[in-house]
Amino acid sequence: MSTPLMWGTPQPERADAARNRQLLLATARELLAEAGSDALTMDRLAERSGLGKGTVFRRFGSRAGIFQAVLDDNERTLQQEILTGPPPLGPGAPPVDRLIAYGSARIRFLAQNHEIARAAIDGRKQGGPRRPPLSEIHIRILLREIELPRADIDLLAGQLTFALEGPLLNQPFQSPGPNSPAPTKRFEAGWRYLVERVCSDAGAPPAPDDA
């Protein structure tokens, strides 16, 4: 199966395995560009790449794993900007500003990779592998830095992750009308509003224990 991409230093990989991974990812992108997500199957990927179907299966585990691997590879630039890029997306800005900036960057990324992300989610619903919730982890870290004493941070991180990604991925991504704002701008404005309201009691005293 495909090794999940984690923020930070990637795990070492044998030279032949790395070559096969790059070949498969490049071939997957060719198939997507030619005919969309329906054209990307295990059999077609093996045939087009010249590698055995067993190699494809061991690398990705399932058709959903192919889409997730392409999505992970596309996400490397965003991850690097979060880790070492300039603020507010990268380190150095107040955590609320970083949380807002992360949401905006994530929305734009998912809009640009909408078909791939949707295919990965649909495949997981059919029993494919679930990737580590990296977005949720990053949101949880920022929430802990904000210090919200009245909030259940673990629960809130999951709720915000779905609020950020769920509406965008669970509906068709339609083009705006001539007098409508771009869809990403609407999502970004909604995310900013939500974060500012959720974080408005930062530094407040803890809620009293229930009697």
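Any read-out appearing in this document is the output of simple, stated calculations on the displayed coordinates, not a laboratory observation. On a predicted model such as this, the values are computed, not experimentally measured, just so you know. Using ideal geometry, Cβ is built from the backbone for each residue, glycine included, and neighbour counts are taken over all protein chains shown.
Per-structure values
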read-out	value
Pairwise label distance in nanometres, D122 with L51, each label 7 Å out on the Cα-Cβ vector	2.4 nm
Contour excess over end-to-end distance, with Cα ends at K185 and E30 and 0.36 nm allotted per residue	52.8 nm
Added length on full extension, which subtracts the Cα-Cα distance from 0.36 nm per residue, R14 to R192	59.8 nm
Computed lengthening from E147 to N170, 0.36 nm per intervening residue step minus Cα-Cα distance	5.2 nm
Selection from M42, A28, G52, by position along the positive dipole direction of the range 16-60 (Cβ)	G52
Sites L83 and D43, calculated FRET efficiency, Cβ-Cβ separation with R0 45 Å, nearest 0.05	0.75
Burial ranking of peptide ranges 23-31, 189-197, 148-156, 98-106 (average Cβ count within 10 Å, highest at the top)	98-106, 23-31, 189-197, 148-156
Ranking of F187, F57, F109 by count of other Cβ atoms within 10 Å, fewest first	F57, F109, F187
